[in-house]
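In what follows, a single structure is set out as structure tokens and then discussed.
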Amino acid sequence: MKKLFKHSLYQIYHNLPVIRKLEVEAVFILLIIIMGGIGFHAIEGWRYLDAVYFTTTTLATVGYGDFVPKTDLGKSITIIYQLIGIPIFLYTGSLLIERRILERNSRVGKKRPKDSSL
């Protein structure tokens, strides 16, 4: 039953148009940022804004270094957070690129005159 459920969710997601996939991924990223902000606020004692700022710069792999976890638990959570969050962030970026390419191709296809000689 569990395998069937996972398989059907994969099929549903796989068959979604790119714009719907972007919406799903945007919700995932928002949840990851919110959960990270709450977690780092609790673990490191940072203000919520600082914790959300840290999670966002971490997901974007910018890492200015102005906020760094000081506790061992915070460092451990950061590693897990990066291993889960960065691939999701990058996948969402690839969906944005895919959408842009599809839009461009559809515009180019409409502008191209049909060859009447065939």
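Taken together, the values in this text are just the output of simple stated rules run on the coordinates, not laboratory data. Bear in mind the structure is a predicted one, so any value in this text is a computation, not a measurement.
At-a-glance table
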{"read-out": "Mean separation of Cα contacts under 8 Å, 6 or more apart, over the residue count of the chain: relative contact order %", "value": "26 percent"}
{"read-out": "Given (i) 39, 20, 10; (ii) 28, 13, 11; (iii) 44, 33, 13, the label whose value is semi-axes √(5λ) of the Cα gyration tensor in Å derived from this model", "value": "(i)"}
{"read-out": "Rel. contact order, % - alpha carbon contacts under 8 angstrom, at least six apart, the stretch 8-62", "value": "25 percent"}
{"read-out": "Rounded tilt (10° steps) of 18-44 against the dominant C-alpha axis of the chain", "value": "10 degrees"}
